[in-house]
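So the structure is just underneath, and the comments pick up after that.
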Amino acid sequence: MKVRVNLFKKTDLSYDIEIHESANMAELICSDNFGLKYCIITDSNLEKSLGKKLLDQFKKQGANAELVSFPSGEKNKNLKTVAGILEKMHEFGFDRRDCVVALGGGITGDIAGFVASIYMRGINFVQIPTTLLAMADSSIGGKTGVDLKSAKNYAGTFHQPKKVYISLDYLDSLPKKEISNGLSEVVKHAILSDKEFFSFLEQNADKLLARDRKTISFVVKKNCQVKAAVVEKDEKESNYRRIVNFGHTIGHALEVLGHYEKYSHGEAISIGMIVESEISEQLGLLKKEDVERIRALFKKLDLPIKVSGFGTERIIAETKKDKKAVSGKVYYSIPARLGKMYSVQDDYGILVDEKIVKIALGRCT
């Protein structure tokens, strides 16, 4: 005897990414009406500046809103932080009809999205990315989550935002290092999808670092288009979406080994892309001159290209703990050439001989 529960259904999770030169975010969000009340989640660095300003904007719109912050930094991207935010939201009386507003960079977006996905089993949330990295990559695609003590992004969900609101004005106050940090993911998108875009970045590196508004605006829009196209093909990373993990297998290992302090995310990923480009060359895919072009572009953008402080064995051991590893086997996403990623029988997770990884790491020390 059995009873079947039929749950097959189609759900439209589509959403818009709005890119503005400057905008009153509260006015835009209220006009879209994604919640009866809004919980702004931001970190301690932005709480008194952008957080308070956004809260005031909501109040001027006559909207009910509260501001909840957490200590800044990747070391605080954990379940303890999530629990504290959930308790605060309950104290403020948020319910299923309300909406979370993620205000900040990639860490804030990951935490706020995760909170929204599990609070009362899931409520609406929107993204307001304030860093180039978040605008170009992490705010799009619905990946949420936090780190465990020894593993990055091991606790998480897929929870798509209702909308992403981008204001390029936020970039004006960022330190130069944060611009470089975001450009790491920009270069990644060019390598995996568009060799002409890669050439554009080579030719306009100085303008990007100088925050030339026309160049930055083009780059942000282009990256949103690239990331959106990948997510549309494979929302939950069953295969094709793995291509955006290029550089992240080695990069995440470096972040963990450095206790999230030695390298920023963008810095770790730039090194990871160099190592994984070297892997590609050894496999007879990327041309040596293209690996050198990637290396040269990262140098132009003030991003690191060499591993320091960790031995090869430690790095390889750490990659085996990555959530993309299966039964201790490490899979990589590697380029076939500039503008196209490599696949084996349409599988974009590539098992690489450890000897090749060691040689690649050796070339990057």
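All of the numbers you see were taken from the coordinates with simple rules; none came from a lab. This one's a predicted model, so the numbers in the text were calculated from it and none came from an experiment. Cβ atoms come from the backbone with ideal geometry, glycine included; neighbour counts cover every protein chain shown.
Here are the numbers:
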read-out	value
Segment 1-139 shape via C-alpha gyration tensor axes, a/c threshold 1.5	prolate
Choice from 355, 320, 37 showing the highest fluctuation, given a GNM over the chain with Cα pairs closer than 10 Å	355
Cα centroid of segment 43-95 to Cα centroid of segment 218-252, whole Å	28 Å
Answer label for Rg and Dmax of the Cα atoms in Å (calculated), chosen among [x] 20.4, 70; [y] 30.5, 111; [z] 25.0, 86	[x]
Mean ellipticity per residue at 222 nm, deg cm²/dmol - from DSSP H runs of n ≥ 4 across the chain, formula -39500 (n - 2.57)	-13500 deg cm²/dmol
0 to 90° range, to nearest 10: angle between helix 176-193 axis and the chain longest Cα axis	70 degrees
Candidate aspartates and glutamates for bridging to residue 288, where Cα separation is under 12 Å - those fewer than 8 sequence places away on the same chain excluded	278
Segment 165-272: trypsin sites (Lys or Arg not before Pro) in DSSP loop, at most 13 other beta carbons within 10 Å	236
DSSP beta bridge pairing in the chain, given as percent antiparallel to the nearest 5	30 percent
Beta bridge orientation in segment 80-206: antiparallel %, DSSP, nearest 5	40 percent
Stretch gain in nm, segment residue 289-residue 354, where the contour uses 0.36 nm per residue and the Cα spacing is subtracted	21.0 nm
Sorted peptide list for 292-298, 81-87, 325-331, criterion being average Cβ within 10 angstrom, highest first	292-298, 81-87, 325-331
Cα-based helix-to-principal-axis angle, 265-282 vs the chain, degrees rounded to 10	30 degrees
Cα shape, segment 212-365, gyration tensor, a/c 1.5 rule	rounded
Pairs from 10/152; 149/207; 9/233; 60/176; 37/149; 48/236 whose Cα-Cα separation, in the structure shown, is over 29 Å	10/152; 149/207; 60/176; 37/149; 48/236
Summed residue charge, Cβ within 14 Å of residue 122's Cβ, Lys/Arg positive, Asp/Glu negative	+2
Candidates 116, 229, 136: whichever shows maximal mean-square fluctuation once the chain is modelled as a Gaussian network with Cα springs under 10 Å	229
Residue-span extension gain [residue 209 to residue 21] - 0.36 nm each, minus C-alpha spacing	65.9 nm
Most fluctuating residue given options 224, 30, 39, as computed from a GNM of the chain linking Cα atoms under 10 Å	30
